[in-house]
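The values are calculated or read from the model by the stated rules, or taken from the named source; none is laboratory data. Bear in mind the structure is a predicted one, so any value in this text is a computation, not a measurement. Every residue, glycine among them, receives a Cβ derived from its backbone with ideal geometry; neighbour counts consider all protein chains shown. Ligands, DNA and RNA are excluded from the accessible area calculation, which covers all protein heavy atoms including side chains. Shrake-Rupley method; radii C 1.70, N 1.55, O 1.52, S 1.80 Å.
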Amino acid sequence: MDFKLSRKISAVDDALISEIFKLADDPSMIPFGGGNPFPALFPKADVTKIAADILNKDPVGMLQYASSEGYIPLIETLKKRMRDKYGVDRDRIFITTGAQQAADLVAKCLLDEGDTVICEGYSYMSTMDTFRTYGAHLVGVPLEEGGMDLQKLEEALAANPNTKLIYIIPTFQNPTGITTSPEKRKAIYELAVKYDAVILEDDPYSDIRFRGEPILPIKSFDRDGRVVYCGSFSKVIAPALRVGFMCVNEGLIPRLITGKQCTDIHTVPLTQHICHEFLTSCDYDAHIERIVGMYSEKCSLMIGEMEKNFPENIHFTRPDGGMFIMFYLPEGMDSEPFVRKAIENGVACIPGSTLIPEYGVSNAVRLNFSTPTKEEIVRGIGILGKMLREM
């Protein structure tokens, strides 16, 4: 059958990225293209025991419908963590089926077709696609050292008075690895106040810090409830659990409940219970230390190999945490042909054209260092370096 697709879903141009991900599933491919946690770091034994204990104690409860807002003990635990870690104590915690659903629910509740969403100049493709499916107009603000160009951000806000949302990944940003400075975080918040925009602060990576001092989220100095803070356990426990959360103003909760009931009714009770038990009964901090230690080694190895193998005119980011590094071909070049050739040579990576708010040409390439082994990092960067020198 020839389906007549909606304009909203047709607004998402994912052909190239789908092709790359399909090729990246080949086990012989060096996996620089995804953003998966390293499987050896999954707390398999703990999760297995927790799940068995929960199912033995309350099998009916795990198989029955549950509250749309989330499992109350998990909500209370996360509320305490937000208070103890960031001083955030005024807003509500709302459990979601992964942080991706948090973005979808915010878009569903706030965006009308034609509304503007301002994003970082390079941003997370799936969340931008979510905004596109709600008919939003995306505007990118260039990234520089320490985060968004504040002058360009204000120009974008002034030029787009229908801006509903500023979407930002301030810590170890996906895809660049850049971290927004404390000064810029405060300035972005004040601009949101001035132009009456909501900030969607996406923060799945901040626990994975291997250098520098922690930086408070924008939510920590939110005076009027305009910051929606999103967290996730996908990167630090396991992505398949599909448990995320929002710290959000009380006034949005009823609409979020309605939106979630239209989507999936509730997040799976068993996985919520697993996350709660892991946070409260296991050594969560030691688990994070293992992740940080492994990713720090891999990131340093990738950067060292890039320094050895890449030509001097190829610039790249040097993140203090997270999972991603971005490098840039010479100005004016299109990275898509380079990425296609890299895939032909057995290395999967992501072209910048799929990571910008306004579709177009980009000279950037995103690399992931969490998924590949150390041997794959050395081999893959060697292949890319040889391609760059030949180019």
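Under a model in which nothing but the beta-carbon of Lys, Arg (+1) and Asp, Glu (-1) is charged, the chain shows a dipole of about 560 debye around its Cα centre.
Working note: 222 nm ellipticity from helices only, DSSP H runs with n ≥ 4, each -39,500 (n - 2.57), summed and divided by the residues of the chain, gives -13500 deg cm²/dmol to the nearest 500. GNM remark for the chain: springs join alpha carbons under 10 Å apart, and the peak mean-square fluctuation among 333, 306, 125 falls on 333. Please report how far the C-alpha centroid of the stretch 82-100 lies from that of the stretch 197-270, rounded to the nearest whole angstrom. Measuring centre to centre over Cα atoms gives 6 Å.
Within the same chain, lysines fewer than 8 places from residue 260 are excluded, and of the rest, those with a Cα less than 18 Å from its Cα are 108.
Which links in 44/386; 22/186; 298/386; 80/374 stretch past 31 Å when you go from one Cα to the other?
Numbers: 44/386 38 Å; 22/186 40 Å; 298/386 20 Å; 80/374 37 Å.
Pairs exceeding 31 Å: 44/386; 22/186; 80/374.
Can you name the helices of the chain, as whole DSSP H runs, whose Cα span along the helix axis is 30 Å or more and whose Kyte-Doolittle mean is not below -0.5?
Details: long enough: 284-309 (37 Å, -0.38).
What comes out of the filter, once short or polar helices are dropped, is 284-309.
Each Cα pair under 8 Å and six or more residues apart adds its separation to the average, and for the stretch 51-177 the resulting relative contact order is 21 percent.
For the stretch 310-316, take each phi angle, set θ = phi - 60°, evaluate the Karplus expression 6.51 cos²θ - 1.76 cosθ + 1.60, and give the result in whole Hz per residue in order, putting x for glycine and proline. In residue order, the calculated couplings are 8, x, 5, 8, 9, 9, 8 Hz.
In this structure the amide hydrogen of residue 198, modeled in the peptide plane, comes within under 5 Å of the amide hydrogens of 165, 166, none closer than 5 places in sequence on its chain.
Remark: relative contact order (the chain) = 24 percent; criterion is Cα-Cα distance under 8 angstrom and separation of 6 or more residues. In summary, the convex hull built on the alpha carbon positions of the stretch 245-343 has an orientation-averaged projected area of 11.5 nm². Using C-alpha pairs under 8 Å with a sequence gap of at least 6, the mean separation divided by the residue count of the stretch 111-166 gives a relative contact order of 45 percent. Geometric descriptor of the stretch 272-328, per residue, is 82 Å³ (volume of the convex hull of the Cα atoms). Using Cα springs under 10 Å in a Gaussian network model of the chain, which residue among 218, 50, 168 shows the largest mean-square fluctuation? The residue that fluctuates most here is 50.
Kirkwood hydrodynamic radius, the chain, all distinct C-alpha pairs: what's the number in Å? Working shown, then result.
On the way: mean 1/r = 0.0460 Å⁻¹.
This gives a value of 21.8 Å.
Of the beta bridges in the chain, as assigned by DSSP with both residues counted there, near 50 percent are antiparallel. Summarising the amide proton neighbourhood of residue 347: residues at separation of 5 or more, or on other chains, whose placed amide H is nearer than 5 Å comprise 30.
Once the piece of chain linking residue 374 and residue 7 is laid out straight, how much longer is it, given 0.36 nm per residue of separation minus the C-alpha distance between them?
Values: separation 367, 0.36 × 367 = 132.12 nm, distance 4.35 nm.
Length difference between fully extended and current span is 127.8 nm.
Taking one equal scatterer on every alpha-carbon of the stretch 10-131, how large is log10 of I(q)/I(0) by Debye at q = 0.09, 0.14, 0.18 1/Å? With one equal scatterer per Cα and no solvent, log10 I(q)/I(0) is -0.45, -1.06, -1.27.
Against the empirical curve 2.2 N^0.38 Å, the C-alpha radius of gyration of the stretch 31-73 lands at a ratio of 1.66.
Among the protein heavy atoms of the chain, carbon and sulfur supply 54% of the accessible surface, probe 1.4 Å, non-protein parts ignored.
Would you please give the FRET efficiency between residue 336 and residue 38, computed as 1/(1 + (r/R0)^6) with r the Cβ-Cβ distance and R0 = 35 Å, to the nearest 0.05?
Values: r = 28 Å, r/R0 = 0.79.
FRET efficiency, residue 336 to residue 38: 0.80.
Per residue, the convex hull spanned by the Cα atoms of the stretch 66-182 measures out at 125 cubic angstrom. With coordinates expressed along the principal axes, the C-alpha atoms belonging to the stretch 102-247 extend over 39, 31, 28 Å, beginning with the largest. Residues in the chain average 44 Å² of solvent-accessible surface per residue, probe 1.4 Å, ligands and nucleic acids excluded. The Cα atoms of the stretch 190-292 cover 42, 40, 19 Å along the three principal axes, with the biggest extent listed first.
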